[in-house]
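The values are calculated or read from the model by the stated rules, or taken from the named source; none is laboratory data. This one's a predicted model, so the numbers in the text were calculated from it and none came from an experiment. Cβ coordinates were reconstructed from backbone atoms using ideal geometry, including for glycine residues, and neighbour counts include every protein chain displayed.
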Amino acid sequence: MSSSLQQIGQIGRLTFLEAVRQRFFNFLVLLALALIGGAGFFRQFDFGPQELAFTANFGLGSMVFFGAILAVVVTAQLFFSEIENRTALTLLAKPVRRWSFIAGKLLGVALLMLVFVALLTALLGGYLWWRQGQLIAIRHQLFLAGRATTEFPDYLRVHFDGLAVNALLQWLKFVVLAAITMVVASFSNTNMYTVAVSFFIYLICQLQYIARDAWANVESPVLQNLIWLLGVVFPNFQLYSVGEMLVFTTKTPVPAGAVLAAIGYSVVYILVFYALAVFSFLSREI
Amino acid sequence: MSTPAIRIQHLTKDFRLGLRGVKLRAVDDLSFEVADNQVLGLLGPNGSGKSTTMKVILGLLEPTLGKCEIFGMPSDSVPARRLVGYLPESPYFYRFLTGRELVGYYAGICGISRAERPKRVADVLELVGLSAAADRRVGTYSKGMLQRIGLAQAVVHDPRLVILDEPTAGVDPIGAQAISELIRELKRRGKTVLLCSHLLAQVEDVCDHLVILNQGRLVAQGAVGDLLQREGLSNLAVENFTPAMRAEIEAVLARHGARLRHVDPARVALDRLFLEKIGTPEEQKRGTP
């Protein structure tokens, strides 16, 4: 068991090193960083007291958008580069179990997504911290001059611990998405097919709440069971769309129990999709 | 009698093609054994089932029928694969790693401890003649160097059985000679080698035994000397041969009921001539052909 864990660690480390050398990863990271860094230019527009909320939403949106692309494309690329270059052949001819290979690949992608989320969160957090300091000072001056009735309001202040929790949730969502992509890659023959199908599943996961709402009142037990099944098979990615609620104090703050439940929900789906990927990969002829 | 390195019994492998699942039989009722410390050449035209057979031996494919054992263990078991080293055809490795890092990675995968790894890696790099290029990135290696680093990763965990798939594909005669020498060195070290190559001169040069496949079936197997020997014929190599000598020899042979079939000028193999003119790998290193 310990040798399998060591192998998973080594495969994961090499997968991560391979991924960070990919132009696609570097391009997306730079683009996302540029967008978040460029959010400062929105100061040219007068958003008033909502400036921080707008910037935070823009940064979190960039993270979600580019992170989803990265999780799908890089997972598919890293898997198929091993198959097409036949490095998987060399590796699996050694005393490596197929479940260790899939776990190592997934670990490498999880590390990559961790770096991606950490980088973007650090930049966004740093910018929000700096800009919040400026806005508080300006508001304080206005308050002292009698041109504002209150100091900078609490509900507009950034909660950096909430930003960190959001980063954790987004990372888990990306790992779930990577695990879904790994399931598709384990039986598909091409990179393109894997990417296309994985994005389609991502859309289903992202939008399944619409189907749930639309069909909430159906009376047919068959349809009800079908909707229930869809809700179980595909994880509900709307659960992770709580960035704004975590970063800013709202009337309905996210309870700690809900965050823990989301973490558990993610871990269960990661394990289930990992098991499916292993099951499918076991019968794959390399 | 010791356990054979490889024992294949009634191996059949079918592939299902297309949506209708049309059956393609790649290997058909194949049985053979490879004794310990033997160098076996697995020959056959393209599509004869060599690669499928090798993949079954490596545990990468499951047989449809029959079984395959390595030193008495099922070939797809992890303990069996600890005993096997494999060099794939036209190997491709992680280009961003140096040769030393690459071999170290595979050593780690094979369970060699962190403390033991540097020495083991240095030893195999020395064995394949890549010590000088060990800290260069694999992406900068020539075709011959890639084959040699592939061989290094195959033997880094000191396996008892080494499987080489076209180890000289695309390699110049000097590189091919170096790889032949490495195969002989592996045999001297007590390893069993399964060599799959289209370079028949090399197979004849380094192998003890041959297995020849065609259309998934075994068509010949045995010791190289036995298979290549022509029944009832012998060769003589004579220096300063003259027509008068020939007449006398023919008379002697006739008295014994034998017959001289033909007299040809002795020829040297082309690869031998090339190496004589260019120099062996050792001579190349010294700069003296």
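Of the numbered conditions (1) surrounded by fewer than 20 Cβ atoms within 10 Å (Cβ to Cβ); (2) away from chain A (no Cβ under 14 Å), residue B:30 fails exactly one; give the number of that condition.
(1)
Considering the range B:34-48 alone, what residues qualify as being over 16 Å from the mean Cα position of the chain (by Cα) and crowded, with 17+ Cβ neighbours inside 10 Å?
Of the residues in the range B:34-48, the ones over 16 Å from the mean Cα position of the chain (by Cα) are B:46-48.
B:48 - this is the single residue of the range B:34-48 that is over 16 Å from the mean Cα position of the chain (by Cα) and crowded, with 17+ Cβ neighbours inside 10 Å.
Identify, from the list B:250, B:282, the residue that is surrounded by 10 or more Cβ atoms within 10 Å (Cβ to Cβ), in a helix (DSSP H, G or I) and modelled with pLDDT of 85 or more.
B:250
Could you list, in sequence order, all residues of the range B:125-180 that are closer than 25 Å to residue B:6 by Cβ, within 14 Å of chain A (Cβ to nearest Cβ) and not hydrophobic (A, V, I, L, M, F, W, C)?
B:147, B:150, B:153, B:157, B:158, B:159, B:160, B:165, B:166, B:167
Is there any pair linking a residue in the range A:72-99 that is at the interface with chain B (Cβ under 7 Å from one of its Cβ atoms) to one that is buried (at least 23 other Cβ atoms within 10 Å of the Cβ) and polar (S, T, N, Q), with Cβ under 6 Å and at least six apart or on different chains, and which?
A:96/A:7
Need at least 2 residues that are within 10 Å of the chain's Cα centre (by Cα) and closer than 25 Å to residue B:177 by Cβ per element, so show me which strands (runs of 3 or more DSSP E) inside the range B:192-233 make the cut, counting only ones lying wholly within it.
B:192-196
Show me the helices (runs of 4 or more DSSP H) entirely contained within the range A:1-116 in which 2 or more residues are under 25 Å from the mean Cα position of the chain (by Cα).
A:2-20, A:23-38, A:51-84
Being more than 10 Å from chain A (Cβ to nearest Cβ), buried (at least 20 other Cβ atoms within 10 Å of the Cβ), touching a residue at least 24 places away in the same chain (Cβ under 8 Å) and within 22 Å of residue B:171 (Cα to Cα) is the requirement here; does residue B:99 meet it?
Numbers: more than 10 Å from chain A (Cβ to nearest Cβ): yes; buried (at least 20 other Cβ atoms within 10 Å of the Cβ): yes; touching a residue at least 24 places away in the same chain (Cβ under 8 Å): yes; within 22 Å of residue B:171 (Cα to Cα): yes.
Yes, satisfied.
Identify, from the list B:171, B:121, B:162, the residue that is of a type in the set (A, V, I, L, M) and assigned to a loop (DSSP other than H, G, I, E, B).
Working: B:121 fails: assigned to a loop (DSSP other than H, G, I, E, B); B:162 fails: assigned to a loop (DSSP other than H, G, I, E, B).
Residue meeting the stated conditions: B:171.
Name every residue in the range B:1-54 that is closer than 20 Å to residue B:219 by Cβ and basic (Lys, Arg), in order of residue number.
Selection gives B:7, B:13, B:25, B:50.
Scan the range B:40-62 and report the pairs whose first residue is on the phi > 0 side of the Ramachandran plot and whose second residue is assigned to a loop (DSSP other than H, G, I, E, B), with Cβ atoms within less than 6 Å and a gap of 6+ or a chain change.
Partner pairs satisfying both residue conditions: B:49/B:216; B:59/B:75; B:59/B:76.
Any residue that is crowded, with 16+ Cβ neighbours inside 10 Å, more than 10 Å from every other protein chain (Cβ to nearest Cβ) and of a type in the set (Ser, Thr, Tyr) - is there at least one of those in the range B:52-63?
Within the range B:52-63, one or more residues are crowded, with 16+ Cβ neighbours inside 10 Å, more than 10 Å from every other protein chain (Cβ to nearest Cβ) and of a type in the set (Ser, Thr, Tyr).
Among what's in the range A:150-189 and is exposed (fewer than 14 other Cβ atoms within 10 Å of the Cβ) and free of Cβ contacts under 8 Å to residues at least 24 places away in the same chain, pick the residue that is farthest from residue A:110 (Cα to Cα).
Once the filter is applied, the top-ranked residue is A:150.
Scan the range A:233-286 residue by residue and report those that are under 16 Å from the mean Cα position of the chain (by Cα) and not in a helix (DSSP H, G or I).
Across the range A:233-286, the qualifying residues are A:234, A:235, A:236, A:241, A:242.
Would you say residue B:135 is surrounded by fewer than 22 Cβ atoms within 10 Å (Cβ to Cβ) and in contact with a strand residue (DSSP E or B) (Cβ under 7 Å, 6 or more places away or on another chain)?
It is true that residue B:135 is surrounded by fewer than 22 Cβ atoms within 10 Å (Cβ to Cβ) and in contact with a strand residue (DSSP E or B) (Cβ under 7 Å, 6 or more places away or on another chain).
Name every residue in the range A:64-87 that is crowded, with 20+ Cβ neighbours inside 10 Å and among the charged types (D, E, K, R), in order of residue number.
Listed by number, the list holds a single entry, A:82.
Would you check if residue B:217 is closer than 30 Å to residue B:192 by Cα, of a type in the set (D, E, K, R) and surrounded by 13 or more Cβ atoms within 10 Å (Cβ to Cβ)?
yes
Can you find even one residue in the range A:96-109 that is buried (at least 18 other Cβ atoms within 10 Å of the Cβ) and within 30 Å of residue A:148 (Cα to Cα)?
Checking the range A:96-109: not a single residue is buried (at least 18 other Cβ atoms within 10 Å of the Cβ) and within 30 Å of residue A:148 (Cα to Cα).
Return the total of residues in the range B:18-39 being in a loop (DSSP other than H, G, I, E, B) and free of Cβ contacts under 8 Å to residues at least 40 places away in the same chain.
Count: 4.
Only one of A:139, A:147, A:131 is loosely packed, with under 12 Cβ neighbours inside 10 Å and either over 34 Å from the mean Cα position of the chain (by Cα) or within 22 Å of residue A:35 (Cβ to Cβ) (or both); which?
Matching residue, one of A:139, A:147, A:131: A:147.
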